[in-house]
């Protein structure tokens, strides 16, 4: 037991030394503006940002869909936190709620749900009319709206492409929330029209077969998976230590 404990301490010191150098080289210092998240959690979202930014230097990734294999895995919360951290770093962020059945983005930011994305893509409201300001100066939200339960079944896909192009003019990042893969096909209709998809999976809940099925369905829709966020994970031994086993 004593030798194991000493090995853990030694590995921890080595890891801290290396990670400190990596952060100094790869991730800029955090901005002074607070993002209302614990520092360690905010750092993980900042790490996610820079991994995405450096994933394809020749092709700037700006439009991203966040989706989970099943409901209740924390997809909307992860997305909201990521958007907040981006905004705190000075990036212009537009967060779009396309979860038409169980929307929550407007609740997270304490906004009205009416007059949102369906009204915009169906040309019932101008873009400026559906943009909603949040308490973060660089973060705007387009809510789920009220008039249509599923606008994807009634719009022309070329019209959707045009709307997405207009959204990109308003922000550095355009992030989309959506219902889970197992519930509806909304995410599969939207994903191929964006730069990529982030799959949010809850640790110790989602079976790997379910996550693999979601990944395969996304790829079959000709969408690009940027990565996976393992949400609510708990490591009794530090995650980095598993790499040594």
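Using only alpha-carbon positions in region 31-242, the gyration tensor eigenvalues give semi-axes of 26, 21, 16 Å once each is multiplied by 5 and square-rooted (largest first).
Within region 35-63, list the residues whose amide N lies under 13 Å from a label point set 7 Å along Cα→Cβ of residue 203. Under 13 Å, as judged by backbone N against the label point of residue 203, lie 41 of region 35-63.
Estimate the FRET efficiency between residue 59 and residue 110 by the formula 1/(1 + (r/R0)^6), using the beta-carbon distance for r and 35 Å for R0, to the nearest 0.05.
Details: r = 35 Å, r/R0 = 1.01.
The value I calculate is 0.50.
Determine, at each q value in 0.17 (inverse angstroms), the log₁₀ of I(q)/I(0) that the Debye formula gives when each Cα of region 56-111 is one equal point scatterer. Calculated log10 I(q)/I(0) at the listed q: -0.63. Take each peptide in 212-219, 51-58, 39-46, count the other Cβ atoms within 10 Å of every residue, and average; sorted highest first, the result is 212-219, 39-46, 51-58.
What the pair-distance distribution of region 155-227 shows, using all Cα-Cα distances binned every 5 Å from zero, is 3, 14, 25, 24, 17, 9, 5, 3, 0 percent.
Using the Cβ-Cβ distance between residue 158 and residue 43 with R0 set to 51 Å, the FRET efficiency works out to roughly 0.80.
Taken together, the values in this text are just the output of simple stated rules run on the coordinates, not laboratory data. Values in this document were obtained by computation on a predicted structure and should not be read as measured data. Virtual Cβ from ideal backbone geometry, glycine too; neighbours counted across all protein chains shown.
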